[in-house]
1. How many residues does segment 97-118 hold that are outside any loop (DSSP other than H, G, I, E, B) and over 18 Å from residue 132 (Cα atoms)?
2. I'd like to know if segment 265-286 contains one or more residues that are free of Cβ contacts under 8 Å to residues at least 60 places away in the same chain, charged (D, E, K, R) and in contact with a helix residue (DSSP H, G or I) (Cβ under 8 Å, 6 or more places away or on another chain).
3. With the condition being in contact with a strand residue (DSSP E or B) (Cβ under 8 Å, 6 or more places away or on another chain) and closer than 24 Å to residue 142 by Cβ, I'd like the helices (runs of 4 or more DSSP H) fully within segment 167-286 carrying at least 3 qualifying residues.
4. Could you check, for segment 233-244, whether at least one of its residues is under 18 Å from residue 305 (Cα atoms), within 15 Å of ligand 1 (Cβ to nearest atom) and either modelled with pLDDT of 95 or more or of a type outside the set (S, T, N, Q) (or both)?
5. Give the residue, chosen from 202, 175, that is away from ligand 1 (no atom under 16 Å from the Cβ) and either without any contact (Cβ under 8 Å) to a residue 24 or more places away in the chain or more than 26 Å from residue 115 (Cβ to Cβ) (or both).
6. Let me confirm something: among 230, 237, which residue is surrounded by fewer than 20 Cβ atoms within 10 Å (Cβ to Cβ), without any contact (Cβ under 8 Å) to a residue 40 or more places away in the chain and over 16 Å from residue 191 (Cβ atoms)?
7. Any idea which of 250, 196 is within 23 Å of the chain's Cα centre (by Cα) and either of a type in the set (Ser, Thr, Tyr) or within 25 Å of residue 301 (Cβ to Cβ) (or both)?
Amino acid sequence: ERTTPPPHLLTLADLSPGQITTLLQNAMAMKHVFKTIHPKALIGSLDRRTIALLFSKRSTRTRVASETSVEALGGHPMFLGKDDIQLGVNETLEDTARVVGSMVDGIMARVGGHHEIETLAKHSPVPIVNALSDLYHPTQILADLLTLIETYAPVPPPPSQQERDPNSLNGKKVAWIGDTNNITNELLVTLPRFGMEFRLAAPEGYNKVDPRVWARVTEAGTENLVKLTTKPAEALTDADIVVTDTWISMGQEQEKAERLQAFKGYQITNKMVTDAGANADWKFLHCLPRKQEEVDDEVFYGPRSLVFPEAENRKWTIMACFE
Ligand code: CP
Ligand code: NVA
């Protein structure tokens, strides 16, 4: 049975764990049908519908996952990059949301400031999905959850073997080593609600959680599952899952030199994780794109790394959002 998702998806903090679980189960079901039965066996729920992909920043995964998902469901993905339409140059976000929204059935938008996606959502007559803002990246963390469920949940017996139980994530310890950014924020408002501990290690000056994000953590009553530190070793003790992201997010390019300096000593290596006493079977996640400074090749391309299944799972989880 499928529940009706809310009209917009700006952050997973707006969805209950039950609604997130439904999205993940739909993603598992669609992945199973597409890969092991036949792509054409998917229901064409977007038949003759258009989804506008309004991207003001670069993207590989989110764009490819969105375009292929809309097509797989029988719809038309209309990519509108920042140089294609009037947005930001000649026309306001409000007018763009009203005009584009009057002609399409949904909008997936990658923006700069989070207020931009909020403005689109306020004025669009059709659902808005956040394809990344400076504050949140909900579709990324859906893929992370799917990847972790595939790693930790036992495969149930037929006929429902594509539906693994997200409760298997309960009690897992996650160590984030690096910057505090949109990915961290989305993890913070989501993982603890699945019973996961989230330890964030970031250097002094980069370890402040945005008050809007912390308000969602306290609202969920999950502060006890969150630990903030400046010492990677503290976050890594007993960790099951180690996560990081770039130290220089899109829009921070001018801070590159000072950031590279500030994050010295935070590069994830097997030695760092092992010396800190992580779980012997620890796994590694990264949303990509990746730079070598935040994680070395041995970890990134090693047997503990889940990064490529994680990237592929962008497709199945985004498909579940469009269904
Ligand atoms: N992880 C992610 O959002 O990648 P892209 O920026 O390539 O879409
Ligand atoms: N934190 C990164 C994520 C990219 C997917 C950024 O915002 O650039």
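The values are calculated or read from the model by the stated rules, or taken from the named source; none is laboratory data. Because the structure is a prediction, the values reported are computed rather than measured. All Cβ positions, even for glycine, are placed from backbone atoms using ideal geometry, and neighbour counts span all protein chains on display.
1. Taking segment 97-118 first, the residues outside any loop (DSSP other than H, G, I, E, B) are 97-101, 106-110, 114-118.
Okay, now just the ones that are also over 18 Å from residue 132 (Cα atoms), so 98-101.
Adding up the residues that qualify gives 4.
2. There is at least one residue in segment 265-286 that is free of Cβ contacts under 8 Å to residues at least 60 places away in the same chain, charged (D, E, K, R) and in contact with a helix residue (DSSP H, G or I) (Cβ under 8 Å, 6 or more places away or on another chain).
3. Working: elements: 182-188, 211-219, 232-236, 256-262, 270-275.
Because the criterion is at least 3 residues that are in contact with a strand residue (DSSP E or B) (Cβ under 8 Å, 6 or more places away or on another chain) and closer than 24 Å to residue 142 by Cβ, the helices (runs of 4 or more DSSP H) in segment 167-286 that meet it are 182-188.
4. Here is the first cut: in segment 233-244, the ones under 18 Å from residue 305 (Cα atoms) are 236, 238-244.
From what is left, the residues that are within 15 Å of ligand 1 (Cβ to nearest atom) are 243-244.
Retained after the next criterion (residues that are either modelled with pLDDT of 95 or more or of a type outside the set (S, T, N, Q) (or both)): 243-244.
Looking for residues that are under 18 Å from residue 305 (Cα atoms), within 15 Å of ligand 1 (Cβ to nearest atom) and either modelled with pLDDT of 95 or more or of a type outside the set (S, T, N, Q) (or both), one finds at least one in segment 233-244, hence yes.
5. Details: 202 fails: either without any contact (Cβ under 8 Å) to a residue 24 or more places away in the chain or more than 26 Å from residue 115 (Cβ to Cβ) (or both).
Going through 202, 175 in turn, the sole match is 175.
6. Details: 237 fails: without any contact (Cβ under 8 Å) to a residue 40 or more places away in the chain.
None of the other options fit; the residue is 230.
7. On the way: 196 fails: either of a type in the set (Ser, Thr, Tyr) or within 25 Å of residue 301 (Cβ to Cβ) (or both).
Matching residue, one of 250, 196: 250.
For (1) buried (at least 17 other Cβ atoms within 10 Å of the Cβ); (2) in the same structural domain as residue 110 (by TED's automatic domain parsing); (3) in a strand (DSSP E or B), each residue gets a yes or a no:
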position: 40; (1), (2), (3): no, yes, no
position: 46; (1), (2), (3): yes, yes, no
position: 52; (1), (2), (3): yes, yes, yes
position: 59; (1), (2), (3): yes, yes, no
position: 64; (1), (2), (3): no, yes, no
position: 67; (1), (2), (3): yes, yes, no
position: 71; (1), (2), (3): no, yes, no
position: 77; (1), (2), (3): yes, yes, yes
position: 80; (1), (2), (3): yes, yes, yes
